[in-house]
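Q: Provided herewith is a single structure, encoded as structure tokens, for subsequent inquiry.
The values are calculated or read from the model by the stated rules, or taken from the named source; none is laboratory data. Keep in mind that what you see is a predicted model, and the values were worked out from it rather than measured. Every residue, glycine as well, gets a Cβ built from its backbone with ideal geometry; the counts of neighbours run over all protein chains shown. Heavy atoms of the whole protein, side chains included, go into the accessibility calculation; ligands, DNA and RNA do not. Shrake-Rupley method; radii C 1.70, N 1.55, O 1.52, S 1.80 Å.
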Amino acid sequence: MAEKKKIYLQPTPVRIWHWINAFGIITLTVSGAQIRFPEYITFLGSYKSAIYLHNTAGFVVAISFSLWFFYYMFVSRTMANLYVPKAADLKTGLVRQAKFYFLTYFLGWENPHHPTPENKFNPMQKSVYLGVMFVMMPLVSLSGIFLTNVDPLRELIVMVGGLKLLAGLHFLLACCLIAFIPTHVYLATLGHTPMEHIKTMWSGWEDEETEEAGTQENKDELASRRAA
Amino acid sequence: MKTEWTLKILWGSLLLAGLAFPLVASAMEMEDCLGCHSEIDVVGEALLVDAVKFEHTVHAELGCATCHSSVTDEHPDDGAAVSRADCLDCHQEVGDQYMQTAHAENATCGDCHDPHQAHGLDAVSASDMNEQCSQCHENAAVVEQHSEWLPQASLHIAKLPCITCHTSSEEYKIVLHISQKQEDRALSGYEISKYEDLKVYSGAKEIKGLIDINKDNFISLAELRTFNLNPAYKALHLDGTLFPSEASHDLTTLDNRYDCSFCHASGPGSMQTSFLALPTPDGSFARIDVEEGAVLDALYGTPNFYMTGSTRSASLNIIGFIIICCGFIMPIGHGTLRFLTRKNRKH
């Protein structure tokens, strides 16, 4: 039986950011749905209030995204390490992690990845978050900023292919991010108990089992730490 | 329609009356009057009448003397003042409507209309109409007032005729214009192209041919795409706006303008029909029918006309729906297997 040890996995700024984002994105989803389908969806009262709410939530999420970027990039300086998959991640890590999620998990095996503050995400998470946080979030925010400044930016909008293309892009990117929510929430329940990871996102602390589980990845990691 | 007939009957009887009992003391024809009044050196700027613009209005069919009935053969040498007809003599219905509004104290018919350049709603552009208002309602002030409740007020005010909101008209018509970049301005420098601007592109041919390629007075989706994708017309683009379907003069502002639902929540159903308004040599506009659904086309119909809520494309909705559904594959599929294999994980 592994010995229980607690590690501080999610620092306070990251947790605050995560929950602002979560509520922001839900608000954006609901108000966005009303903005696109006003005849069918009227949760938020008038069209005007839906637009105002959407714009406000959009700016909050865009600003919190920038702060997050700033924090990891310049304050904790772990951005590249955490989010950019390494060669080993791509070569073997992805397959190993996929094998766990889609096969060995069902057989009751251990997760090959053990999160540490320096290496929080498994190789699959890294790849997905890279796409979500570095491609989709910036693009959806940028297109949103354009859509709230159509008159002053009209010339740029025409240059990129028109208002319709921009609005279509904003919509489809938003759909991709929305599609990510159920997957994200579901995967969060795959800890030792369904609430484990979710509690961590709230408190910052995660229960971690010590080494003798001896997964391949941890060995790699220990080896590299010793080398360093 | 009813107004139109009343006016036609009225006008017909006026003409008949004119033939039977010359109301007019003068034998001068419209050409005679214009001979002097379209020459700035003869009459000076204040008394100038733009002949080209006047001749293309319905008022031209009335002739000058119908409205200036006191003019004599000795004019201008007699020095007598020339009478002017009152708009209300002939436009009683509009007059009744307008004169009841509070705005009648602020502006007369002549403040907004030049009787020698009077056009109907379908022969003017949004900016022509707004110029009438901006003589008194300065644009910057209007934008500021409206931005208190209207997001992107400068976009709305630049795009929409004031009377699309300030009217009791219950419906709208979608009107497309060709706009072009104004070289002298850095940003948001697009303006509705004038006849001469488009003539540069069409050369000796009719300007209609720029977009109505087979000249059948109907613009199909294919013709719109060809126009939008033509690299030679890179500086031109199609702008869209909403006109009220009738020009009511009550200046009422309905609630559905204030809560945005008139335009943004009217649904794709009401966005089917649209018109293209092309400039004519006399400074007015002529409308051509556009194929149904053009403004709803996902990409190439009107790439620069998009109103959130109403002009959404059905095909993008379907793609978006499929993407969101994909997000549930993992939870549902994996979740089912997880449930079935739950015993394996009981340590």
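Q: Dipole magnitude of the protein assembly as shown about its Cα centre, charges +1 at Lys/Arg Cβ and -1 at Asp/Glu Cβ only, in debye to the nearest 20?
A: Roughly 5860 debye, rounded to the nearest 20.
Q: Sticking with this one: Please give the average number of partner chain Cβ atoms lying within 10 Å of the Cβ of each residue in B:327-340, rounded to a whole number.
A: 4
Q: Mind grabbing the accessible area of A:Lys6 for me, 1.4 Å probe, Å², rounded to tens?
A: Only protein atoms counted, so the area is about 130 Å².
Q: Then there's this: For region A:22-70, state which residues have at least 30 Å² less accessible area in the presence of all protein chains than in their chain by itself, taking the probe as 1.4 Å and leaving out ligands, DNA and RNA.
A: The answer is A:Arg36, A:Phe37, A:Pro38, A:Glu39, A:Tyr47, A:Lys48, A:Tyr52.
Q: Let me ask something else about it. Short version: ³J(HN,Hα) in whole Hz for each residue of region B:261-271, in order, from phi by Karplus 6.51 cos²θ - 1.76 cosθ + 1.60 (θ = phi - 60°), x for Gly and Pro, what are they?
A: 5, 3, 9, 8, 10, 8, x, x, x, 8, 9
Q: In Å², what does the accessible area per residue of region B:119-312 work out to with a 1.4 Å probe?
A: It amounts to 46 Å² per residue over region B:119-312.
Q: Let me ask something else about it. At a Cα cut-off below 20 Å, give the lysines reachable from B:Lys343, other chains included and same-chain residues fewer than 8 away excluded.
A: A:Lys99
Q: State the Cα centre-to-centre distance between region B:185-264 and region A:44-86 in whole Å.
A: 38
Q: If you average the alpha carbon positions of region B:35-66 and of region A:102-179, how far apart do those two centres end up, in angstrom?
A: So the two Cα centres are separated by 63 Å.
Q: Report, by chain and number, residues whose modeled amide H sits under 5 Å from the one on B:Tyr172, excluding near sequence neighbours (fewer than 5 apart, same chain).
A: So B:Tyr172 has HN proximity to B:Ser245.
Q: Pick out, from B:Ile40, A:Val61, A:Ala80, the residue whose Cα sits farthest towards the positive end of the charge dipole of the protein assembly as shown, with +1 on the Cβ of Lys and Arg and -1 on the Cβ of Asp and Glu.
A: Highest projection toward the positive end goes to A:Ala80.
Q: Tell me, which longest segment in chain B has none of the chymotrypsin sites (Phe, Trp or Tyr not before Pro) that fall in DSSP loops with at most 16 further Cβ atoms within 10 Å?
A: Excluding the exposed sites themselves, the longest stretch runs over B:150-327.
Q: Moving on. May I ask for the accessible area buried between chains A and B, both sides summed, probe 1.4 Å, to the nearest 100 Å²?
A: Chains A and B together bury approximately 4400 Å².
Q: For chain A, which whole percent of the accessible surface, found with a 1.4 angstrom probe, sits on carbon and sulfur atoms?
A: 73
Q: Taking the Cα centre of chain A as origin, sum charge times position over the Cβ atoms of Lys and Arg (+1) and Asp and Glu (-1), and report the length of that vector in debye to the nearest 20.
A: The calculated dipole for chain A is roughly 380 debye.
Q: Let me ask you something else. Specify which residue in the list B:Cys260, B:His137, B:Ser70 is farthest towards the positive end of the charge dipole of chain B, using unit charges on the beta carbon of Lys, Arg (+1) and Asp, Glu (-1), about the Cα centre.
A: About the Cα centre, the residue reaching furthest to the positive side is B:Cys260.
Q: With a 1.4 Å probe and all protein chains left in place, how much accessible area per residue does region A:3-227 have, in Å²?
A: Per residue, region A:3-227 has 51 Å² of solvent-accessible surface.
Q: Continuing with the same structure: Enter the mean projected area of the convex hull around the alpha-carbon atoms of chain A, in nm², rounded to one decimal.
A: Averaged projected hull area, Cα only: 15.4 nm².
Q: Shifting gears a bit: Which of the three applies to region B:245-331, rounded, prolate or oblate, going by the alpha-carbon gyration tensor with a ≥ b ≥ c and a/c under 1.5 meaning rounded?
A: Cα axes put region B:245-331 in the oblate bin.
Q: Could you sort out which of A:Lys164/B:Lys208; A:Lys86/A:Lys164; B:Lys173/B:Lys205; A:Lys5/A:Lys120; A:Lys48/B:Lys181; A:Lys126/A:Lys199 sit more than 27 Å apart by Cα distance in this structure?
A: In this structure, A:Lys86/A:Lys164; B:Lys173/B:Lys205; A:Lys48/B:Lys181 exceed 27 Å between Cα atoms.
Q: In chain B, what % of DSSP beta bridges are antiparallel (nearest 5)?
A: Of the beta bridges lying entirely in chain B, close to 75 percent run antiparallel.
Q: Take each complete run of DSSP H in chain B, measure how far its Cα atoms stretch along the helix's own axis, and keep only those covering 15 Å or more with mean Kyte-Doolittle hydropathy at least -1.0; list them.
A: Qualifying helices, which must be both long enough and hydrophobic enough, are B:2-20, B:314-326, B:329-340.
Q: So if I place +1 on the C-beta of Lys and Arg and -1 on the C-beta of Asp and Glu, and nothing else carries charge, what would the dipole magnitude of chain B be about its Cα centre? I want it in debye, nearest 20.
A: 3800
Q: Given a 1.4 Å probe and heavy atoms of the protein chains only, how would you sort B:Arg225, B:Arg345, largest accessible area at the top?
A: Sorted descending by solvent-accessible area, the residues read B:Arg225, B:Arg345.
Q: Could you work out the local net charge near A:Val84, counting Lys and Arg as +1, Asp and Glu as -1, over the other residues with Cβ closer than 15 Å to its Cβ?
A: Computed value for this residue: +3.
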